[in-house]
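These notes are about the structure you will find just below.
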Amino acid sequence: MKLKRVLSITLVVGLVAYAALKGAVYYQVKTGLGRLTAMVAPFATLKYEAIESALQGSVAVTGISVMPADAPVGIRIERIELQGEGTRFLLDLLKGFDAERPPRRLQLSVSRMAMPLGGGYLQQWFPASSATEPDICTLGGLLGQTQIERLGFRQRLADTRLRYDFDRRSGEMTLLMDYTLDGLAALSVEMSLNKLSPMDAGATPVLERFSLHYRIDPDYMRRTVDYCAGEAGLDSAAFIDRLLTGGSTYYASNIGFIPGEGLRSALRRLISRPGDLLITSVPDSQFSPALLQQYKPQELVRLLGLSLSVNDQPVTDLSFSLPQGNEQLADLFGTLAPAASGENGGGETVPAPASPKPRARFMATPVARLSRYIGGDVRVYGGERDDPQQGILMSLRDRQLELEQRLYGGKMTLYIPLEKISRVEVLRWEQPETGEAVR
């Protein structure tokens, strides 16, 4: 009988504590939403249906609507959820997060956000920017998916997620972001940073690797090309030719830089056969973010260890130039760096001699050095196959190599034991004069 009473009391105390915690979280979130509602009141009306929380470490607001003043319809969001780790996260949420000890894991999810299009709706929110929106039938408009209401779209429907995982002891952080726009595109970005430990506050964070995977909806691209070709009185192939044969000013105004032949071919491939674009970066140890503005475009490409593929076909020529010609990369950031030139004794400007451009190709690489190229394109030979298996090197652990391949719009992961590998080739940069690997 005594044991039964103890268990009953424990259960009651637990239920009361659970109810108290949920009540406190509800009050905290409701108070914050109240302040936000008051802040936007002069411009819009903010409403929501419910506030939810769970002991697993999550808080969510559902049924959200934002109605701008004098607009017939507003933005609707089915659910916004913030997730951490267990009850500790909820307690931290109540008392405020410690800036020196942030949560080890945090994720923000926004589900089914619907934004209406047409009828001057966006002009009410962004009157300045919407006036300069590029035409859908330009290169910038096609890739930026502007004016899609001309194709029959009535709203943009999106899902997005932001997440980080932080190891306090090692100072390593992984950042993840992905979103999908129904019927338009999907994007996922992953970034790994190091030297973020509070114990080493003076250290500069180091970018270990970066990857960006972008997928354009094939139906959207085909519809847009067919629509614009019809508007111009051309067939689809002729319209794409015209879209990609502009001069330097055209490319600069549409995408902000002037692509070389390799990138122009990649753009043609992406528009003609829409699918996947993958960018990966494994920076060289010599790369310094503090000197970013001083790097020339080709130096930046090499030092960042950039790789690009379109529909699983590597792009080996990543050359490009800036609108001002041979200026440093600083021009893209609004700060003019010294030109890449010198002066002779008479004060005349003498252009710096052009250096051969680095190029990328698959090079044999020892397995012991593969950890430097995680996130890059690789070919793996071995086993009973004569042809290599090509994909993205994701990790090396437990004496096996993890290789990610993209097939038919999906993903497949292969786990290849190291002892079965006879040769690995990594897409790497080399100096054209010597043929030697840069990194």
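Any read-out appearing in this document is the output of simple, stated calculations on the displayed coordinates, not a laboratory observation. Because the structure is predicted, anything quoted here is derived from the model rather than measured. Neighbour counts are summed over all protein chains in view; Cβ atoms, including those assigned to glycine, are modelled from backbone coordinates with ideal geometry.
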Relative to the Cα centre, what is the charge dipole magnitude of region 133-338, using +1 at the beta carbon of each Lys and Arg, -1 at the beta carbon of each Asp and Glu, and rounding to the nearest 20 debye?
80 debye
Let me check I've understood the local charge: for E49, count other residues with C-beta under 13 angstrom from its C-beta, Lys and Arg +1, Asp and Glu -1. What total comes out?
+2
Return T280, T174 ranked ascending by Cβ neighbour count within 10 Å, so the fewest neighbours appear first.
T174, T280
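Suppose every Lys and Arg Cβ carries +1 and every Asp and Glu Cβ carries -1, with no other charges. What dipole size does region 359-430 come out with about its Cα centre, to the nearest 20 debye? The partial results should precede the final answer.
Values: 13 positive and 10 negative charges, 51 e Å.
Roughly 240 debye, rounded to the nearest 20.
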Order by neighbour count: I392, I80, fewest other Cβ atoms within 10 Å first, most last.
I80, I392
Give the average over all directions of the projected area of the C-alpha convex hull of region 143-243, one decimal, in nm².
8.8 nm²
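So how do 48-55, 185-192 stack up, highest first, on mean other-Cβ count within 10 Å? Kindly include the intermediate steps, with their values, before the conclusion.
Working: 48-55: 14.9, 185-192: 16.8.
Packing order, densest peptide first, comes out as 185-192, 48-55.
How high is the relative contact order of region 359-430, in percent, counting Cα pairs under 8 Å that sit 6 or more residues apart?
Numbers: 141 pairs, mean separation 29.9, N = 72.
Over region 359-430, the number comes to 41 percent.
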Log entry: pair-distance distribution for region 359-430, C-alpha pairs binned every 10 Å from zero, whole % per bin is 20, 58, 21, 1
Based on other C-beta atoms within 10 Å, arrange L176, L263 from fewest to most.
L176, L263
For K411 and S188, extending 7 Å from Cα along the Cα-Cβ vector and measuring point to point gives, in nm, a value of 0.2 nm
Could you work out the per residue convex hull volume over the alpha carbons of region 133-338, in cubic angstrom?
138 Å³
